[in-house]
Structure formats: C-alpha cells, structure tokens
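Here is the structure we will look at.
Every number in this text was worked out from the coordinates using simple rules, so none of it is lab data. Not measured: the values here are computed from a predicted model. Backbone-built Cβ (ideal geometry, glycine too); neighbour counts: all protein chains shown.
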Amino acid sequence: METLKLKTNINRLVGEVTIPGDKSISHRSVMFGSIAHGETRVTNFLPGDDCLSTISCFRKLGVTIEESNDELRIYGNGFEGLTEPSEVLDVGNSGTTIRLLMGILSGRPFFSSLVGDASIGKRPMTRVTGPLTQMGAKLDGRKSGDFTPISIRGGQLQPIQYELPVASAQVKSAIILAGLQADGVSTIIEPAETRDHTERMIRQFGGEITKDNHTIQVKGGQKLTASTIHVPGDISSAAFFLVAGAIIPESEITLKNVGLNPTRTGIIEVMQKMGADLEIVQAATDDFEPAGDLIIKTSNLKGTVIEGSLIPRLIDEIPIIALLATQAEGTTIIKDAEELKVKETNRIDTVVQELGKLGAVIEATEDGMIIQGKSKLTGGKVSSHGDHRIGMMLAIAALLCEDAVDLQQSEAISVSYPNFFTHLNSLIR
C-alpha cells in the first residue's frame, strides 16, 4: 500500500495534455478483435491495469495478441476460435472485463471460472448471471451466483427479451454479447440511455444491431470481421483536468483528442450548466467514436442539481464533480445515483468521507450527496480505498489545499491512468 505526498497550494495550471485512450473502448477493442475473424489493429490503446487484465484473459482463451507501445494486433478466429482455459481467468479490478466476458463465455461450449480482486469480490453479479441463465447458460458463484468466483458452463443460447432493472452499460453489453451467439433475436430494454460503445463496436466490426428509443435488438449467428480501431481519449480521465482547470486560479488547459460520444458527455453539460469557461474545438464527426479538443479556463461556478437520465451519462465522473461543487457558489445536489454504491467502492460514502477530511461541507443521502460551496480546503491524510477515481479526485483536491495531503493506496490510480501524475505535474506553473 503506497502513501504519496500530494502537491498542494498550487497557484496556476497551464499547458496541454493528450488524454490516454478510453478505458471502455480499449476493453471492447480487445474483446471484439478476439471474437472477430482476422487481424484487428488497435491504436492509442490504454495500457492500464484493467485493460491489461482483459488482454490476459483472452490470451488464456487461446487468442494471440501482440503488444507494441500503445498498439495492439489481435488475431481472432471468431467466437468458435475461443478455447477452454486451463486456468482461472483473473479480471483484477475490472468490472467491465468480468461482466462482458460472462456474456461471451455463456455461449461457448466449455467450462471457465472467473475471479478478481477483493473489490470485485464485493460487486454484485446477479444482474448479469440472472439474464444469462435465462438464456440457457449455467452460471454459479458465491451467494447463488451473486459474487465471485463465478463458474460458467456455456452452450447453445436462446434469445431473450429483457428489461434492465437498472441502467447499466455493463449488463446491457453482457446480454448483447450473449445475444450475438443465440438462436434468434434478443431484445434489451433500457430504463435510461447508457454508454453505447458496444453497439458502435458491433457496427465497426461489420455486425448489425438496431436501437429504437430505449429498445435494442441483436440477431444471433452474425460473423464479425476484423477492423482497425483508433481509441479516442477517455473523457472520464479528461474530467479530472477539466475540473482542475476550472477551480485553480489563472489556469488554462487544452485537452487533446477527447472522446465526445454523446452517451458520455454528461460531465460537459454539467460544467456548462454550472458556468464553466469550456470550449470544444476540432470535433471530429467520426461514425465510430466522435472526438475533439477541449479548452478549460478558470471559471466562476454556481451550484446545480444533477439527477435523472443525466446520471448514467456521467456516473464515473461523480467523484470529481463533487469536488467541482465544493468550489461553486451555493448548493449542488446529486441524486438518482444509487449505482455509485456498487462501484469499486461505495462511492457515495467514500467521496463524502474523504472530501470531508479536507474540509469540504458535504453530506451523503440515500441516492447521492449534497455539497455546499464555496469550501476552503485545508489538508490531511486521505485514502483512495483502492478506487482509482477516488485517488485522482483527491490529487486534484490537494492542489487547492493549504496544508499537506498524504494519499494512501495511491497505486490504485494506475488502473485507468498510469501517467496521471506525469501529466498533472507538467501543468503546474
């Protein structure tokens, strides 16, 4: 467990950062390259711990994957090219890996077993094992299949019509990946729109999937063909620098090649609503994944209410939005965010606890939090609790602190952003 003394009392942030590849898209590029036919090339791949866990799992399933800097070459032989692993598949800290992999393995005629770290061991899996069992797969785990280790005996799947009880891109994607192997058309109904990277990836690899409002349909038996993928920068990683640029005095930061998928841009909408001096330039109209550059300057912010259908579009950014709210005039209320309780940590309680240690006026509610601004942050000993997004949020918070800040479990940040501190330090003036 590493403890890091964070930089504090920073007067100015100026410069340019090229944001590392999107974690969600990087995961899916490996998965789709592995189940497609032919050689898939992936550039700007994110070499974070989570994505490396995905590569490791597919290698154990018999897929040849070559790594060179931030480029991958994946040699897929279709779903049927996957082979029974001789050892347990370890997903590390990655919820995306385990849930989407369950969808893929449910249609394969062999046995496999999935485990992860202590955090994964606490995250609920019934939301995925339930619908996959309805499709005909045999899955089991602790507490009737709700917790890892998860065992899977895959086989022929039947199509399903399934209404998601919670808006979850991971659950949706697991069912879609199983549906690609089912005998017929599967229908998934979302309660609210979630990130659509899986749907876009299917089309990029030559497959078909339809969406009408919140209803998605996918036909089984499709053959996917290898593709070339350029992964845009991760807006969830860019969010930390967007907030830093807005709250640190006399700052101006340009963020290059940031993914601007409309199912992920909730953070931009919230910041604009709060009065951020934020500009979007060079937006690419890519049918696969849109991207552009963002310029953020020091801003006069005001509190707001964040709720409803906006929540799934910024669920991963809520920890850093909470920090943003501590520096806005007035009260910010975040609600309808119960899903935060089953992330890497209970992010509602953890955000409130750790920002509170630094002097923020913030309280937890049943489905979110209430944040009073404008707070003067002091200093203290804080912890990521093994959650990468909490760790990065606290590093940005420390920039405002007058006294020393020590971050425990700082190593968690490498899960999604190995070069985070290098990029942050390059901006300090």
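Before moving on, here are some points about what is shown:
- Nearest 10 degrees, 0 to 90: helix 347-357 Cα axis against the chain principal axis: 20
- Basic side chains Lys and Arg get +1 at the Cβ, acidic Asp and Glu get -1 at the Cβ, and with that the dipole of the chain about its Cα centre reaches some 420 debye.
- Spacing of the modelled spin labels on S144 and I428, each 7 Å from Cα toward Cβ, amounts to 5.2 nm.
- Gyration tensor verdict on the range 23-230 (Cα atoms; rounded if a/c is under 1.5, prolate if a/b is larger than b/c, oblate otherwise): rounded
- Cα-based helix-to-principal-axis angle, 49-60 vs the chain, degrees rounded to 10: 10
- Cβ-derived FRET efficiency at R0 22 Å, D287 paired with E71, nearest 0.05: 0.50
- Here each label is just a point 7 Å from Cα along the line to Cβ, and for E363 and Q134 those points are 3.9 nm apart.
- Per-residue ellipticity at 222 nm from helix content only, as computed over the chain with -39500 (n - 2.57) for each DSSP H run of at least four residues, stands at -8500 deg cm²/dmol.
- Lysine pairs with alpha-carbon atoms under 30 Å apart, the range 23-230, spacing 8 or more or separate chains: 27
- Cleavage-rule hits (trypsin sites (Lys or Arg not before Pro)) in the range 331-427: DSSP loop, at most 16 neighbouring Cβ within 10 angstrom: K335, K374, K376
- Ordered by the count of other Cβ atoms within 10 Å of each Cβ, fewest first, V405, V14 give V14, V405.
- Highest mean packing comes first when the peptides 179-185, 107-113 are listed by Cβ atoms within 10 Å, giving 179-185, 107-113.
- Each Lys and Arg Cβ is given +1 and each Asp and Glu Cβ -1; about its Cα centre, the range 277-429 then shows a dipole of about 560 debye.
- Length gained on full extension, T18 to I333, computed as 0.36 nm times the residue gap minus the Cα-Cα distance: 110.3 nm.
- Virtual paramagnetic centre 7 Å along Cα→Cβ of I280, amide N under 20 Å, in the range 14-28: 17-25
- Sorted from longest to shortest, the spans of the Cα atoms of the chain along the three principal axes equal 60, 43, 42 Å.
- Dipole axis of the chain (+1 Lys, Arg; -1 Asp, Glu on Cβ), positive-most option in A398, N44, V185: V185
- Backbone N within the range 360-394 under 17 Å of label point (7 Å from A404 Cα along the Cβ vector): 378-383
- Set of lysines with alpha-carbon distance to K376 below 18 Å, sequence-local pairs under 8 removed: K7, K302, K357
- Sorting K5, K172, K211 from the fewest to the most surrounding beta carbons within 10 angstrom yields K5, K211, K172.
- Rounded FRET efficiency, nearest 0.05, which uses the C-beta distance separating A118 from E87 and R0 of 25 Å: 0.80
- P(r) tail, the range 196-236: Cα-Cα pairs separated by more than 12 Å, 67% of all pairs.
- Gain upon complete extension [S151, M1; 0.36 nm per residue less C-alpha separation]: 51.0 nm
- Check: the range 105-211 dipole with +1 on Lys, Arg Cβ and -1 on Asp, Glu Cβ, in debye: 300
- Dipole of the chain [Lys/Arg +1, Asp/Glu -1 at C-beta], most positive-end residue of S414, I209, T97: T97
- Helix 388-398 axis, angle to the chain major axis (alpha carbon atoms, nearest 10°): 10
- Of D22, D387, D90, D140, the sequence from fewest to most neighbouring Cβ atoms within 10 angstrom is D140, D90, D387, D22.
- Whole-number D in µm²/s for the range 1-124 (Stokes-Einstein; Kirkwood sum over Cα pairs; 4 °C, 1.567 mPa s): 81
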